[in-house]
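No lab work stands behind these numbers, since they all come straight from the coordinates. Everything numeric in this text was worked out from a predicted model, so none of it was measured. Here Cβ is always computed from backbone atoms with ideal geometry, including for glycine, and neighbour counts include all displayed protein chains.
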Amino acid sequence: MKFGVVVFPGSNCDQDTYQALQQVTGQQVEYIWHKETKLGNYDGIILPGGFSYGDYLRAGAIARFSKIMPSIINFARSGGLVLGICNGFQILLESGLLPGTMMKNRTLQFICKDVYVKIEQNTTPFTLDYEKNQVITLPIAHSEGNYYTDPKTLEELEINGQIIFRYVSPEGKVEEEWNPNGSLHNIAGIANKEGNVVGLMPHPERNVDSLIGDGMGARVFSSMVNWYRRKG
């Protein structure tokens, strides 16, 4: 399997993501500069975290118009695996590959801490290696992570099983006190209807090594490889 990690001006998790992919999967990984207009022969695309274009206007709003994005949109709509992490999630929302938008955290402050996240669905290419309803710990680091959408879309996300990650208590309870940013229904990550595009605000690439955590973030990346192998 061959991965591409997109680099925008202001990306700061591209190297972490690159190294995590190499360490966890042992697969080929390449950087993709935002000014490229065509994708190479990739099997999975990662939009990493950071502050693309300084988050001017709003997070992800300018990156959505990067030269590489039309190719990524076509790749996703053709069934290619696309994962957006933090700022990458915001870019997927701005590009229309995922529904909804991000608002400022309800505290209006930047939040950087570990949170508890429940795996709501383990049938996606990004969560195969988890147990359904498994609770893991992942870091967050954002100021615009307050997920919002209209009531109809929110209902569809729930009914269709498109909510993939949710902020919870250590016991897995969906409670407001464990919602770090005010996201509707404690949403931490969602998928498109087809399940090949996923965005999440927590950073799995920052928890792939047992030296600095429990390593549970690694399973996001190993799931992608295992899904690809099963498909083949």
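Whole-Hz Karplus values for the stretch 25-41 come out as 9, x, 8, 6, 9, 9, 7, 10, 6, 4, 8, 5, 10, 10, 8, x, 8 Hz, taken residue by residue from phi with 6.51 cos²θ - 1.76 cosθ + 1.60 and θ = phi - 60°; glycine and proline positions read x. Mean separation of Cα pairs under 8 Å and 6+ residues apart, divided by the residue count of the chain: what relative contact order is that in percent? Worked out over the chain, it gives 20 percent. The Cα center of the stretch 185-232 and the Cα center of the stretch 63-115 differ in position by 15 Å. Basic side chains Lys and Arg get +1 at the Cβ, acidic Asp and Glu get -1 at the Cβ, and with that the dipole of the chain about its Cα centre reaches some 600 debye.
Across the options 142, 124, 154, the greatest Cα extent toward the positive end of the charge dipole of the stretch 115-191 (unit charges at beta carbon of Lys, Arg, Asp, Glu) belongs to 124. Give me Rg/Rg_expected for the chain, where Rg uses Cα atoms only and Rg_expected = 2.2 N^0.38 Å with N residues. That ratio works out to 0.91. Shown for the chain: lysine pairs separated by 8 or more places, or found on different chains, whose C-alpha atoms are under 16 Å apart, numbering 8. Note on the chain: helix-only mean residue ellipticity at 222 nm, from DSSP H runs of 4+ residues weighted -39500 (n - 2.57) and normalised by residue number, equals -7000 deg cm²/dmol. With the simple spin-label model, which puts each label point 7 Å out from Cα in the Cβ direction, the residue 15 to residue 78 separation comes to 3.2 nm.
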